[in-house]
Amino acid sequence: MIMTESKESKNYTSQIIEDIKIWKNGSLFSIKTTKDASYDFQSGQFARLGLIDPTRTVNPLIWRAYSIVSAPHENFLEFYYTIVNKGEFSKILLNLEQKDHIFIEKKAYGFLTINQFLGPNIQKQKNKLWLIATGTGLSAYISILRDHNTWKYFDKVILLHSTKFLDELSYKKELEILSITNKRFKYFPITTREKSSILSESRITSLVMNGNLEELTKETLDPKSSKIMLCGNPTMILEMRRILYDRGFYTSKQNIAGNLAMERYWI
Ligand SMILES: Cc1cc2nc3c(=O)[nH]c(=O)nc-3n(C[C@H](O)[C@H](O)[C@H](O)COP(=O)(O)OP(=O)(O)OC[C@H]3O[C@@H](n4cnc5c(N)ncnc54)[C@H](O)[C@@H]3O)c2cc1C
């Protein structure tokens, strides 16, 4: 039990953890929390979560960014996280229990949202949305996929989720069901360090460079009709960004909507 006081402030509220799902023991978890009635966000944004570090005597309340997994219409908040070795926040997350309190900043942040792509000339239904994630970078995309709005603007949504091992492919069942019930959605799990019947021992960057991605997905990476999101590991994002710039993908600037958006989880 994490001893957090249920105090609130003008910047944050205290919410209760209602459910904890273990995807991989000691390593990958999702939590569902209560949601303040006034909490407002767009799918793809992140929240700032606060927990009390009992080992700190000064400033015990610490904060980290976490992408919101739940969609804006859902009446709870959901987060998906990994436990980082020796991570200050991770060690508190690891000991969370149901009914513990967690602080959530009142404001949501971030630009990994479909709004980034919605310039005045976007034609509804004619676009392809590519969601490319490593590890917990998947979090933001679950929200986007659960959001009904996404399907108004995109004719097709293609998700590539890359992990090292098979047992790190969290949310796989939900995504497989979606790919069966919604023919406009394609899901490609990739494992880089474990052989499996699914796409394995490939890196996303190599798949794009050698053209195998388009062959595999049967979709073209055309900068006119494709919008791409990258989320997770900063090295993957840096490499993909270079490759995609050469192919005509660019991020939004001031009033010009781009076709590439990204979120790095660390530096
Ligand atoms: C915008 C944004 C959204 C984020 N969303 C998520 C999320 O949805 N889920 C999540 O687990 N984390 C997310 N993170 C990372 C998160 O904020 C924490 O940094 C992380 O959980 C570890 O915190 P820590 O204090 O335990 O370790 P830290 O001291 O913050 O991190 C230590 C090191 O661990 C590694 N690391 C950090 N985060 C990850 C990660 N997610 N996967 C693998 N290695 C990592 C990095 O090498 C980092 O330098 C997000 C970060 C940002 C900036």
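The values are calculated or read from the model by the stated rules, or taken from the named source; none is laboratory data. Treat the numbers as computed from the prediction; the structure is a model and nothing was measured. Cβ placement follows ideal geometry from the backbone for every residue including glycine, while neighbour counts extend to all protein chains displayed. The accessibility values were calculated without ligands, DNA or RNA, using every heavy atom of the protein model including side chains. Shrake-Rupley method; radii C 1.70, N 1.55, O 1.52, S 1.80 Å.
Just reorder ASP36, ASP100 by solvent-accessible area, largest first, 1.4 Å probe, all chains present. Kindly include the intermediate steps, with their values, before the conclusion.
Values: ASP36 50, ASP100 0 Å².
Order by accessible area, largest first: ASP36, ASP100.
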#### Entry: Hz values of 3J(HN,Hα) by residue in the stretch 149-162 - Karplus curve (6.51, -1.76, 1.60), Gly and Pro given as x
4, 3, 7, 7, 9, 10, 6, 9, 10, 10, 10, 10, 10, 10
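Can you show me the helix-derived [θ] at 222 nm for the chain, built from DSSP H runs with n ≥ 4 at -39,500 (n - 2.57) apiece and divided by the number of residues, rounded to the nearest 500.
Numbers: 7 runs with 54 residues, N = 267.
Roughly -5500 deg cm²/dmol at 222 nm, from the helical runs in the chain.
In this model, which of LYS10/LYS227; LYS32/LYS195; LYS172/LYS195 are farther than 26 Å apart at the alpha-carbon?
Values: LYS10/LYS227 37 Å; LYS32/LYS195 32 Å; LYS172/LYS195 17 Å.
As for pairs spanning more than 26 Å Cα to Cα, those are LYS10/LYS227; LYS32/LYS195.
Given the chain, what percent of its DSSP beta bridges are antiparallel, to the nearest 5? Could the numbers behind the result be given before it?
Values: 29 of 58 bridges.
Close to 50 percent.
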### Task
With a cut-off of at most 13 other beta carbons within 10 Å, and DSSP calling the residue loop, which trypsin sites (Lys or Arg not before Pro) in the stretch 1-85 qualify? Please list them.
LYS7, LYS10, ARG56
### Task
Filter the GluC sites (Glu not before Pro) in the stretch 185-252 down to the DSSP loop ones having no more than 12 other Cβ atoms within 10 Å, then list what survives.
GLU201
### Distance between the stretch 245-261 and the stretch 70-118 - C-alpha centres, whole angstrom
27 Å
### Sparsely packed GluC sites (Glu not before Pro) within the stretch 1-99, loop by DSSP, other Cβ within 10 Å at most 11
GLU5, GLU97
#### Entry: Sequence-distant residues sharing a close amide H with ALA261 (under 5 Å, placed H)
ILE228, MET229, LEU230
## Note on the structure
With PHE76 itself left out, Lys, Arg at +1 and Asp, Glu at -1 over residues whose Cβ is under 14 Å from its Cβ give -1
